[in-house]
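What follows is a short report on a single structure.
Since every read-out is calculated from the coordinates, none of them should be taken as a lab result. Please read these numbers as outputs of a predicted model, since none were measured by experiment. Glycine also receives a Cβ, built like all others from the backbone with ideal geometry; neighbour counts cover every protein chain displayed.
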Amino acid sequence: MHISKNDVVLSFISLTEKIANSKMNTLDFGSPEMTFYRGEIHMIKIIGDYPGIYSSELARQLGITRAVVHRTVTKLENRKMIVKKSDAKDHKKMKLYLTSLGQKAYQYHEDYHQKHDQQLFDYLDTLSTDDLVVVDGFLKHATGLIDNHA
């Protein structure tokens, strides 16, 4: 199969347009308390993956400002999804953890992606480590390009 650089660029443009124009701003897991904006549920995901993460690291991982993290963390804390605990070594720093309700949302999100993204997971399972390195490198580079155009 012959593929040109232009074909790859067009595929990338198509992907970014689909993401940018996505109608799905919220995920509804069946009740008002389990309805989240994408940024909220992805924050829950990262806190669930890295219990005790600091908000500054959360901002770095999500590529957003600490102010946005602070606002979202406050909302999630008010919704009883997360809890802040002071760091034993530095009481000024706060670690973030999921509550039992946050764990429930985390699991709903994991189940959602397992159901809807299984084709991607199956495809990635067919790739060699070298291929995964290439795909990961491209995605990181593409993310940088999107950042420059946003």
(message) Limiting things to C-alpha atoms, what are the Rg and the maximum Cα-Cα separation (Dmax) for segment 25-116, in angstroms?
(response) 12.8, 41
(request) Report the local net charge at Thr35: Lys and Arg +1, Asp and Glu -1, summed over other residues whose C-beta lies under 11 Å from its C-beta. (result) -2
(request) Would you work out which of Leu27, Gln119, Thr16 lies farthest towards the positive end of the dipole of the chain? Charges go on Cβ: Lys and Arg +1, Asp and Glu -1. (result) Leu27
(message) If amide hydrogens are placed 1.01 Å from N in the peptide plane, which non-local residues have theirs closer than 5 Å to the one on Lys95?
(response) Lys85, Ser86, Asp87
(message) Only four residue types carry charge here, +1 at the Cβ of Lys and Arg and -1 at the Cβ of Asp and Glu. Report the dipole size of the chain about the Cα centre in Debye, rounded to the nearest 20.
(response) 980 debye
(message) Show me, for segment 117-126, the HN-Hα J-couplings you get by feeding each phi into the Karplus relation (A = 6.51, B = -1.76, C = 1.60, θ = phi - 60°), rounded to Hz, glycine and proline as x.
(response) 10, 4, 4, 5, 4, 4, 5, 4, 5, 7
(request) Return one number: the angle in degrees, 0 to 90 and rounded to the nearest 10, between the long axis of the Cα atoms of helix 38-49 and the longest principal axis of the Cα atoms of the chain. (result) 70 degrees
(request) Taking the chain as the reference, fit the longest principal axis to its C-alpha atoms, fit the long axis of helix 5-20 to the helix C-alpha atoms, and give the angle between the two in degrees, 0 to 90, nearest 10. (result) 30 degrees
